[in-house]
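Step one of this worksheet: look at the structure below.
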There are 2 protein chains.
Amino acid sequence: MAAGNNVRKRVVILGGGFAGINAAMGLAKLPVDITLVDRKNHHTFQPLLYQVALAVLSPAEIAQPIRSILRDHQNIEVLMDEAVSFDLAQKRVRLKTGALLEYDFLIVATGSTHSYFGRDDWAKLAPGLKTVEDATEIRRRVLLAFELAERQTQEAGVHPPLKFIIIGGGPTGVELAGAISDIARLYMARDFRHIDPATAQVEILEGSPAILAAYPPDLQKKAIDQLAHLGVTIRTNAHVTDVQPGYVMVGNERIDCTVTLWAAGVQASPLGKLLGVPLDRRGCVIVDQFLNPPGHPDVFICGDLAHVEENGHQVPGVAQPAMQMGAYAAKHIGRMVARDLGSDGTGLNEPFHYFDKGDMATIGRKAAVANIKWPFKGHWSGFPAWIVWLIIHIFFLIGFRNRLAVFRQWAWTYLTFQDGARLITGSQDLPGWDSEYGIQRDTPVEQQVTPTGTR
Amino acid sequence: MAAGNNVRKRVVILGGGFAGINAAMGLAKLPVDITLVDRKNHHTFQPLLYQVALAVLSPAEIAQPIRSILRDHQNIEVLMDEAVSFDLAQKRVRLKTGALLEYDFLIVATGSTHSYFGRDDWAKLAPGLKTVEDATEIRRRVLLAFELAERQTQEAGVHPPLKFIIIGGGPTGVELAGAISDIARLYMARDFRHIDPATAQVEILEGSPAILAAYPPDLQKKAIDQLAHLGVTIRTNAHVTDVQPGYVMVGNERIDCTVTLWAAGVQASPLGKLLGVPLDRRGCVIVDQFLNPPGHPDVFICGDLAHVEENGHQVPGVAQPAMQMGAYAAKHIGRMVARDLGSDGTGLNEPFHYFDKGDMATIGRKAAVANIKWPFKGHWSGFPAWIVWLIIHIFFLIGFRNRLAVFRQWAWTYLTFQDGARLITGSQDLPGWDSEYGIQRDTPVEQQVTPTGTR
């Protein structure tokens, strides 16, 4: 049964991402009992996930068990489970394993997932980057591509061109492209005897007219220059019409590739649909200025799942607004609880405002673009922007036990070009390769690469 | 074609474990060309693998790409591939991807794998511990067991007993049992709200009359005492007759359990059978005093795959003899190459001798048993033995870039009880559990555990 006014209020938080963790932290000091539910046992520091995908960091360096993060707060319990249905009228959430959670306040912060624009069959061929599992799968494919080329060349003297295609030119696509280029040109150079990893090609396919659409034009231009410097090619207005093992189609043009990665689109967590409230076309829940869906002042939608507008623009689905929304929901619930306990209700009309400190994306190991809006305004690029990126990300890893370890690992890797965590685990197969013979299908002889190796 | 006397000799090494890596290191300074072939891209420091399985260390801390280990030796190439057939007369090895490697000398060091005594269907129900993938699978199952019990108790107020069964009481079984007990009693104590992780039971089922059969009786006794102190129960003469989801059968007795792990038996790598030379009953290649199968002075079998006897006892399949065999094979090949290049053939009659420095196994986080034979003789146990174990293992991680990082991680984990790498990745299912409802099947109501939690 839902608790009355005179017993401790129950708050259920769905999702242990930036929004959910920040909400839980904010609520921890209030006289409420909190249940946080997540499908995973760990919180993932998503801004650094691409570094796991490209073998610089290990999963445990950027992911931490949610239980551990929240362990000192005795009024928080964590369940590794998943919501499957809601009864907003009765204030109840049904979990996948059958449990029924009753709440006084509900925070839904289950984030977003890849959108393959209706072509879910592409997911296996072009993995995206949202989870630790995604990151290790991308790492496996990228590293395996070099291994396969090496053994083909050992046997036949040639290998098909190593080509990595990244579909999508937003921050994730740009960061992946830069990091793959780094791996190929710098870190792997001394590891192979037959192939020259630096011949690997990296190409971004962007459907719109510009990469980094959310950035001002001068920084877009800088990003293009910096990517070109790393040998990354960019095609804009490139509409991918098919993804197949070993190639993608752009319109009627076939582009052969070794590995395809997806950074093109996200859609809201499917949980939004189960709430029975209005959604936008990407499945985000349309909320009011208090982050409530219309008519549900006890339900808060936070993070990527929320459609919030600020000055006529939708607040982007990145870490910063998610953290702010989670903190806001906790604060607002605190005010409602205080009112019920007899306080004067001060601040109950204070709406959510997104405080935009800016955006940044790294481009390889020593460049970045940063559109800084606070504490000063400025468009930064190149190495200075990269240093800013580094400092901010180390700062936000605070709370992560291992932020110093991560910094040390970075410093080591960036200064010495030594391997970070270059492990291939799982299958030895790649889509488009025949696992028995290691030959990429359908590559015409004249396109094969003949390395001029030392052996 | 095989090279003649006046060109550089070709050495093919199969396997990048302790034997293969040590052979490659030994051969690197000789005027030979070396090809090392391994199915994995990484060398695994197996003595610490159980620490990955129990979430103290991350995979990248105890595994390193073989390419990186050997990168500075320009006469070594590494192929991520697998031998599938041999022609010892023509001196050729066929790889899975089709390549044909010709050699003057062949070193086969492909190690061993789990033996389920003909019951390969048990492999999925009771994973063993040989690879990084095995370790993360064990980690997943152990951590998931606690998560499932927590959510059952949150819903129903009770959970089936948490019971971890380890089949096999050798060093691996003892180390796994001690580490699981530690996790449950120490590291997880503060993380859960409903269950008491310390109520988890850990039991070793050993088929023979004694655990740690290779150790002297006084150390066996110490190990039993130290395990009892950790709450680990031991059944000897316990012949497992069946392994099923949620239980194992010992004779006609059914023992319900949450997670079953396999540490009972190993068999030689199946590659031994393909050589067409005499094997022992476990599939190990019977070699002469030069590590050659009879009649093949150009073929060396090293590590777990070799059946070598020293003073009438078979040399055990652990790291120390594997390293010594690899080094010996390199040295012996060096002498043969020198003879062919006109040297006097000094030392060509020197046989392999195993120099046994002793054995040790940890029991939890601050005890061990050590049967030390060099540089002094002694039976050590408890905390002093654990300190010896720690020093030796850090020493042998030399060559691993990250040995200091590992030491720091250990020190941190052991001193603070903080989580190391407690991530659950992959599926959320356990054998014997219904993923939809999270209920372990068939547990009678009277056996359910009712925690007296604080919530």
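The values are calculated or read from the model by the stated rules, or taken from the named source; none is laboratory data. Computed from a prediction, not measured in an experiment: that's the story for all the values here. Note that we place each Cβ from the backbone using ideal geometry, even for glycine, and neighbour counts take in every protein chain shown.
Take A:L106 and tell me if it is within 14 Å of chain B (Cβ to nearest Cβ), aliphatic (A, V, I, L, M) and farther than 28 Å from A:G207 by Cβ.
Criteria not met by A:L106.
Hey, among the residues in region A:335-364 that are crowded, with 19+ Cβ neighbours inside 10 Å and touching a helix residue (DSSP H, G or I) at 6+ places or on another chain (Cβ under 7 Å), which one's modelled with the highest pLDDT?
Only one residue tops the list, namely A:F352.
Name, by its number, the condition in (1) within 14 Å of another protein chain (Cβ to nearest Cβ); (2) touching a Lys or Arg at 6+ places or on another chain (Cβ under 9 Å); (3) farther than 21 Å from A:Q46 by Cα that does not hold for A:V202.
(1)
Hey, could you check region A:121-132 for residues that are surrounded by 15 or more Cβ atoms within 10 Å (Cβ to Cβ) and part of a helix (DSSP H, G or I) and say which is nearest to the other protein chains (Cβ to nearest Cβ)?
Across region A:121-132, the extreme among qualifying residues is A:V132.
Does at least one position in region A:426-437 carry a residue that is outside the structural domain of A:M323 (by TED's automatic domain parsing), under 24 Å from A:T136 (Cβ atoms) and either modelled with pLDDT of 80 or more or among the aromatic types (F, W, Y) (or both)?
Scanning region A:426-437 turns up at least one residue that is outside the structural domain of A:M323 (by TED's automatic domain parsing), under 24 Å from A:T136 (Cβ atoms) and either modelled with pLDDT of 80 or more or among the aromatic types (F, W, Y) (or both).
Looking at region B:109-120, which of the residues that are over 18 Å from B:V318 (Cα atoms) and touching a residue at least 12 places away in the same chain (Cβ under 8 Å) is nearest to the other protein chains (Cβ to nearest Cβ)? Quick ask: steps written out before the conclusion?
Filtering region B:109-120 for residues over 18 Å from B:V318 (Cα atoms) gives B:116-120.
Among the residues that remain, those that are also touching a residue at least 12 places away in the same chain (Cβ under 8 Å) are: B:116-117, B:119.
Numbers: B:Y116: 22, B:F117: 27, B:R119: 25 Å.
Result: B:Y116.
Quick check, is B:Q324 farther than 14 Å from B:L30 by Cβ and surrounded by fewer than 22 Cβ atoms within 10 Å (Cβ to Cβ)? So that I can check it myself, show each step before the final result.
Values: farther than 14 Å from B:L30 by Cβ: yes; surrounded by fewer than 22 Cβ atoms within 10 Å (Cβ to Cβ): no.
It is false that B:Q324 is farther than 14 Å from B:L30 by Cβ and surrounded by fewer than 22 Cβ atoms within 10 Å (Cβ to Cβ).
Taking region B:258-314 as the region of interest, how many residues are of a type outside the set (A, V, I, L, M), more than 19 Å from the chain's Cα centre (by Cα) and either assigned to a strand (DSSP E or B) or in the same structural domain as B:G168 (by TED's automatic domain parsing) (or both)?
Total satisfying the criteria: 5.
Looking only at residues in region B:67-102 that are acidic (D, E) and surrounded by 15 or more Cβ atoms within 10 Å (Cβ to Cβ), which one is farthest from the other protein chains (Cβ to nearest Cβ)? Even if it seems obvious, please write down each step before you answer.
Our first condition is that a residue be acidic (D, E); within region B:67-102, this holds for B:72, B:77, B:81-82, B:87, B:102.
Now narrow it down to the ones that are surrounded by 15 or more Cβ atoms within 10 Å (Cβ to Cβ): B:77, B:81-82, B:102.
Numbers: B:E77: 4, B:D81: 5, B:E82: 9, B:E102: 12 Å.
So, considering only residues that are acidic (D, E) and surrounded by 15 or more Cβ atoms within 10 Å (Cβ to Cβ), the one farthest from the other protein chains (Cβ to nearest Cβ) is B:E102.
Considering only residues of region B:376-394 that are within 22 Å of B:I224 (Cβ to Cβ) and among the β-branched types (V, I, T), which is surrounded by the most Cβ atoms within 10 Å (Cβ to Cβ)?
Result: B:V388.
Which one is nearest to A:A361 (Cα to Cα), of the residues in region A:149-174 that are in a helix (DSSP H, G or I) and within 14 Å of chain B (Cβ to nearest Cβ)?
Pass one, region A:149-174, residues in a helix (DSSP H, G or I): A:149-156, A:171-174.
If we keep only those that are within 14 Å of chain B (Cβ to nearest Cβ) as well, we get A:149-156.
Details: A:A149: 31, A:E150: 32, A:R151: 35, A:Q152: 36, A:T153: 36, A:Q154: 38, A:E155: 40, A:A156: 40 Å.
Ranking the candidates gives A:A149 first.
For a quick check of your reading: which strands (runs of 3 or more DSSP E) sit entirely within region A:1-97 and have at least 1 residues that are aromatic (F, W, Y)?
Working: elements: A:9-14, A:32-38, A:42-44, A:63-65, A:76-80, A:83-87, A:92-95.
By residue number, A:83-87.
Can you tell me which residues in region A:28-45 are surrounded by 21 or more Cβ atoms within 10 Å (Cβ to Cβ) and more than 10 Å from every other protein chain (Cβ to nearest Cβ)?
A:I34, A:L36, A:D38, A:H43, A:F45
Given the structure, is B:D442 away from chain A (no Cβ under 13 Å), at pLDDT below 60 and either within 30 Å of A:H73 (Cβ to Cβ) or part of a loop (DSSP other than H, G, I, E, B) (or both)?
Values: away from chain A (no Cβ under 13 Å): yes; at pLDDT below 60: yes; either within 30 Å of A:H73 (Cβ to Cβ) or part of a loop (DSSP other than H, G, I, E, B) (or both): yes.
So B:D442 passes the test.
Out of curiosity, is A:A179 away from every other protein chain (no Cβ under 12 Å) and touching a Leu at 6+ places or on another chain (Cβ under 7 Å)?
Working: away from every other protein chain (no Cβ under 12 Å): yes; touching a Leu at 6+ places or on another chain (Cβ under 7 Å): yes.
Here the answer is yes, as A:A179 does meet what is asked.
To keep it simple, each residue is scored yes or no on (1) more than 19 Å from A:A19 (Cβ to Cβ); (2) of a type in the set (A, V, I, L, M); (3) outside any loop (DSSP other than H, G, I, E, B).
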site: A:G326; (1), (2), (3): no, no, yes
site: A:G345; (1), (2), (3): yes, no, no
site: A:L348; (1), (2), (3): yes, yes, no
site: A:H353; (1), (2), (3): no, no, no
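Filter region A:206-247 for residues that are buried (at least 16 other Cβ atoms within 10 Å of the Cβ) and of a type in the set (V, I, T) and give the result.
A:I211, A:I224, A:V232, A:I234, A:V240, A:V243 - these are the residues of region A:206-247 that are buried (at least 16 other Cβ atoms within 10 Å of the Cβ) and of a type in the set (V, I, T).
Do you know which of the residues in region A:54-66 that are more than 7 Å from chain B (Cβ to nearest Cβ) and of a type in the set (A, V, I, L, M) is farthest from B:Y187 (Cα to Cα)? Explain how you work it out, then say what you get.
Applying the first criterion (more than 7 Å from chain B (Cβ to nearest Cβ)) to region A:54-66 yields A:54-57, A:61-62, A:64, A:66.
From what's left, of a type in the set (A, V, I, L, M): A:54-57, A:62, A:66.
Details: A:L54: 31, A:A55: 28, A:V56: 28, A:L57: 24, A:I62: 20, A:I66: 14 Å.
Ranking the qualifying residues of region A:54-66, first place goes to A:L54.
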